[in-house]
1. Please enumerate the residues belonging to region 84-100 that are among the aromatic types (Phe, Trp, Tyr) and at pLDDT below 95.
2. For region 1-102, which fully contained strands (runs of 3 or more DSSP E) count at least 2 residues that are on the phi < 0 side of the Ramachandran plot, buried (at least 16 other Cβ atoms within 10 Å of the Cβ) and touching a Ser or Thr at 6+ places or on another chain (Cβ under 7 Å)?
3. Any residue at all in region 98-114 that is over 19 Å from the mean Cα position of the chain (by Cα) and touching a residue at least 40 places away in the same chain (Cβ under 8 Å)?
4. Kindly provide the set of residues from region 66-83 that are over 16 Å from residue 27 (Cα atoms), in contact with a strand residue (DSSP E or B) (Cβ under 9 Å, 6 or more places away or on another chain) and either modelled with pLDDT under 95 or acidic (Asp, Glu) (or both), ordered by number.
5. Hey, can you tell me all the residues within region 5-26 that are touching an Asp or Glu at 6+ places or on another chain (Cβ under 7 Å) and among the β-branched types (Val, Ile, Thr)?
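The values are calculated or read from the model by the stated rules, or taken from the named source; none is laboratory data. Worth saying up front: this structure is predicted, and the values here are computed from it rather than measured. Note that we place each Cβ from the backbone using ideal geometry, even for glycine, and neighbour counts take in every protein chain shown.
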Amino acid sequence: MKFTYITCNISMLEQMEELLKELEIQVYQVIPKALAESHFDIPHKDTAVWPGFNASLMVQEEVPAKSEALMKRIEEMNHTAYNNSELIAAYQWTVNTFVLPEPVAPLQGSAALSD
């Protein structure tokens, strides 16, 4: 299993979630408001001095090809970024030990079940 941590300007969150859907990556979490500093853009602190903020995504993927494709696509997005605020940082590592929960009851109202 691969774990990928992604952080980007909030303006890029929708594109990142669309990419995850396109790659059929289904297990991820979104932190919609992360205050951030980086070496490639101004601070995003959600203040009058440093407006804006980041979003963070944490992705867990069992299929290595999907994880590789995700990193490649993020790299491609960075090459075509219009400005530094469109850049996406991604960090990936292998997870050797984990617990995958199994549902104790069928999911109700889940769009994933109808796919």
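1. 98
2. It comes to 2-9, 54-61, 88-94.
3. The answer is yes; a qualifying residue exists.
4. Correct list: 75 only.
5. Passing the criteria: only 25.
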